[in-house]
1. Do we find that Asp49 is surrounded by fewer than 16 Cβ atoms within 10 Å (Cβ to Cβ), touching a residue at least 12 places away in the same chain (Cβ under 8 Å) and among the charged types (D, E, K, R) in this structure?
2. Counting only residues that are outside any loop (DSSP other than H, G, I, E, B), more than 13 Å from the chain's Cα centre (by Cα) and among the charged types (D, E, K, R), how many does region 92-112 have?
3. Tell me, which residue of region 130-170 that is of a type in the set (Asp, Glu) and open to solvent by 50 Å² or more (accessible area, probe 1.4 Å) is nearest to Arg95 (Cα to Cα)?
4. Residues being open to solvent by less than 50 Å² (accessible area, probe 1.4 Å), closer than 23 Å to Val45 by Cα and either in a helix (DSSP H, G or I) or among the small types (Gly, Ala, Ser) (or both): count how many of those fall in region 65-90.
5. Looking at region 123-170, which of its residues are basic (Lys, Arg), over 27 Å from Ile77 (Cβ atoms) and either touching a helix residue (DSSP H, G or I) at 6+ places or on another chain (Cβ under 8 Å) or modelled with pLDDT of 85 or more (or both)?
6. Select from region 171-195 the residues that are modelled with pLDDT of 80 or more, charged (D, E, K, R) and either open to solvent by 100 Å² or more (accessible area, probe 1.4 Å) or closer than 12 Å to Ser113 by Cβ (or both) and list them in ascending order.
7. For Val15, indicate whether it is open to solvent by 70 Å² or more (accessible area, probe 1.4 Å), outside any strand (DSSP E or B) and closer than 16 Å to Val126 by Cα.
8. I'm trying to understand the selection: among the residues of region 18-32, which are touching a residue at least 40 places away in the same chain (Cβ under 8 Å) and either touching an Asp or Glu at 6+ places or on another chain (Cβ under 6 Å) or assigned to a loop (DSSP other than H, G, I, E, B) (or both)?
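The values are calculated or read from the model by the stated rules, or taken from the named source; none is laboratory data. Predicted model only: the values in this text are computed from it and were never measured. Don't worry about glycine lacking a Cβ; one is built from the backbone with ideal geometry, like all the others, and counts go over all protein chains shown. All accessible areas refer to the heavy atoms of the entire protein, side chains included, with ligands and DNA or RNA removed. Shrake-Rupley method; radii C 1.70, N 1.55, O 1.52, S 1.80 Å.
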Amino acid sequence: MTDWETFLWPYNETVQELKVKFRSLRQGFLTRGEHSPIEFVVGRVKTVDSIKEKMQRRIISPEVIETDMQDIAGIRIMCQFVDDIYKVVDLIHERSDMEVVEERDYIHAAKPSGYRSYHMVIKYTVFLPEGEKTLIAEIQIRTLAMNFWATVEHTLSYKYQGKYPEDVSKRLKSTAEAAYKLDEEMSVIRKEVQDAQKVFNQSKGKEQ
């Protein structure tokens, strides 16, 4: 692989388009005065260095990189409640502009580290000057609490190269359970939280 800029351009376009679509979906719920299962959306394209490292670690040849590396284009959708995650999953399945090819539920079956998230791999078509191109992208859906934990764990993994000292590993698992407990407690008072948010948003509108 030599011309990385040309190779990655469709992936950048995919990320930008998906962010717009999911943010528009969120706005659609809010415009109707409904609770949006999507709190916010971010996205990124893997850096060249990260792609090269994964190619070497997973023994992926350049010829199959587009099919064997599923997370070159990545979208992350954050939700307020665990139930919202599965609502977003259903919404994605219902769409005709993307095709789900794989999904992994790490919420009900957390990874040994304590990591929780819902992963979906989709096929998405972008329109380039030379015609259509269908790419693979990964969507991660998680609550705000899950995202906070995953961000911290990701940072620590760089320091320890994934090989945590026993005390750090135990604390990570403990905090992962605490984060999930927080999500469960928030789900119990979901209606009260949503009612409070409606009152708050209405008061903001009057002030403006």
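1. Details: surrounded by fewer than 16 Cβ atoms within 10 Å (Cβ to Cβ): yes; touching a residue at least 12 places away in the same chain (Cβ under 8 Å): no; among the charged types (D, E, K, R): yes.
It is false that Asp49 is surrounded by fewer than 16 Cβ atoms within 10 Å (Cβ to Cβ), touching a residue at least 12 places away in the same chain (Cβ under 8 Å) and among the charged types (D, E, K, R).
2. So the first thing to find is which residues in region 92-112 are outside any loop (DSSP other than H, G, I, E, B), and the list is 92-94, 98-105.
With the extra rule that they be more than 13 Å from the chain's Cα centre (by Cα), the set shrinks to 93-94, 98-102.
From what is left, the residues that are among the charged types (D, E, K, R) are 94, 99, 102.
Summing the residues that are outside any loop (DSSP other than H, G, I, E, B), more than 13 Å from the chain's Cα centre (by Cα) and among the charged types (D, E, K, R) in region 92-112 gives 3.
3. Taking region 130-170 and keeping what is of a type in the set (Asp, Glu), we get 130, 132, 138, 153, 166-167.
Then keep just the ones that are open to solvent by 50 Å² or more (accessible area, probe 1.4 Å); that gives 130, 132, 166-167.
Working: Glu130: 25, Glu132: 19, Glu166: 44, Asp167: 44 Å.
Among them, the one singled out is Glu132.
4. Residues in region 65-90 being open to solvent by less than 50 Å² (accessible area, probe 1.4 Å), closer than 23 Å to Val45 by Cα and either in a helix (DSSP H, G or I) or among the small types (Gly, Ala, Ser) (or both): 6 in total.
5. First, the residues of region 123-170 that are basic (Lys, Arg): 123, 133, 142, 159, 163, 170.
Going one step further and asking which of them are over 27 Å from Ile77 (Cβ atoms), we end up with 159, 163, 170.
Passing the criteria: only Lys170.
6. Scanning region 171-195 gives Arg171, Lys173, Glu177, Lys181.
7. Values: open to solvent by 70 Å² or more (accessible area, probe 1.4 Å): no; outside any strand (DSSP E or B): yes; closer than 16 Å to Val126 by Cα: yes.
Judged against the criteria, Val15 is not a match.
8. Initially, region 18-32 is screened for residues touching a residue at least 40 places away in the same chain (Cβ under 8 Å), giving 18-19, 21-22, 25.
The answer is none; no residue qualifies.
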